[in-house]
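Shown next, in structure tokens, is the structure this report addresses.
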């Protein structure tokens, strides 16, 4: 019975705790950083998807073109695919940096 009461006290304690203005502001900072990071990721993914669609288009044209022209189109398609992957990686890195910065600002605010 005592472990149950202790467990209920641990669960109920945070529910009774009112957030301080600093905690609220820290939460807002983290949420804003997460929203910005999500937007960065979405933008990078959209741009990369557009590039991949263009690469597919070039690959289709390469199959219809002559030998040298087709090879050049294939090279461009591959370059677009690689660039699209780099854009996704860059988006993930920037999003991670924004989230980390938000967490750091929130932690600094709470440490005051």
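Please treat every number below as a calculation from the coordinates, not as lab data. On a predicted model such as this, the values are computed, not experimentally measured, just so you know.
Taking the chain as the reference, fit the longest principal axis to its C-alpha atoms, fit the long axis of helix 21-64 to the helix C-alpha atoms, and give the angle between the two in degrees, 0 to 90, nearest 10.
20 degrees
Once both axes come from the Cα atoms, what is the angle between helix 67-111 and the longest principal axis of the chain, in degrees from 0 to 90, rounded to 10?
Value to nearest ten degrees: 10.
Mean separation of Cα pairs under 8 Å and 6+ residues apart, divided by the residue count of the chain: what relative contact order is that in percent? Can you show the working numbers first?
Details: 90 pairs, mean separation 45.6, N = 112.
Dividing the mean separation by the residue count of the chain yields 41 percent.
Run the numbers for residue 100 and residue 42: contour at 0.36 nm per residue of separation, minus the present Cα-Cα distance, in nm.
Values: separation 58, 0.36 × 58 = 20.88 nm, distance 1.78 nm.
The span from residue 100 to residue 42 would gain 19.1 nm if fully extended.
Which angle from 0 to 90°, rounded to the nearest 10, does the C-alpha axis of helix 2-16 make with the longest principal axis of the chain?
Its long axis makes an angle of about 70 degrees.
Projected area of segment 39-104, taken from the Cα convex hull and averaged over every viewing direction, in nm²?
Working: hull surface 15.5 nm².
The directionally averaged projection comes out at 3.9 nm².
The chain: D in µm²/s via Stokes-Einstein (Kirkwood Rh, Cα pairs, 10 °C, 1.306 mPa s)?
Values: Rh = 18.0 Å.
D = 88 µm²/s.
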